[in-house]
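Report on the following structure.
Values in this text are rule-based calculations from the coordinates and carry no lab data. Quantities reported herein were computed from a predicted structural model and do not represent experimental measurements. Positions of Cβ are backbone-derived with ideal geometry, glycine not excepted, and every protein chain shown enters the neighbour counts.
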Amino acid sequence: LGVGPTIVELDRHDAGSSIHAALCQLCGETRQPLPAVFVGGKFYGGVQTLLANHINGTLIPLLKEAGALWL
């Protein structure tokens, strides 16, 4: 797609549990399902949201608007 995602594998990161706790707090959830997707520094949703918006055609415009797509 022309997108360069940053991927953090929490189970392999020394501060993984702390990062997960911060994600939960940031997203207002007691347990944030992973993967958590951020676009332009803002929480976007989980993988279901990502796939649904890709299928309905709203993902690419969002990525372009955020400057995250270089096609």
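Let's see if you can work this out: charge +1 on each Lys and Arg Cβ, -1 on each Asp and Glu Cβ, no other charges. What is the dipole magnitude of the chain about its Cα centre, in debye to the nearest 20?
My answer is approximately 160 debye.
Can you find, among ALA21, TRP70, LEU34, the residue sitting farthest towards the positive end of the charge dipole of the chain, where Lys and Arg contribute +1 and Asp and Glu -1 at Cβ?
With unit charges placed on the Cβ atoms, the residue in question is TRP70.
So who's got an amide H within less than 5 Å of the one on TYR44, skipping anything under 5 residues away but keeping other chains? H placed 1.01 Å off N, in plane.
Those qualifying (amide H under 5 Å, at least 5 residues apart or on another chain) are VAL37, PHE38, VAL39.
Under the 0.36 nm per residue contour assumption, what length would be gained going from the current alpha-carbon distance of ALA66 and ASP14 to full extension?
Computed gain between ALA66 and ASP14 is 15.7 nm.
Roughly how tilted is helix 16-27, in degrees to the nearest 10 and between 0 and 90, from the longest Cα axis of the chain?
60
Just subtract the alpha-carbon distance of GLN25 and THR58 from 0.36 nm times their residue separation and send over the number in nm, one decimal.
9.2 nm
The chain: Rg/Rh from Cα coordinates, Kirkwood Rh?
My calculation puts Rg/Rh at 1.00.
For labels at GLN48 and LEU34 in the simple 7 Å Cα→Cβ model, what's the distance in nm?
Label at GLN48, label at LEU34, 1.9 nm between them.
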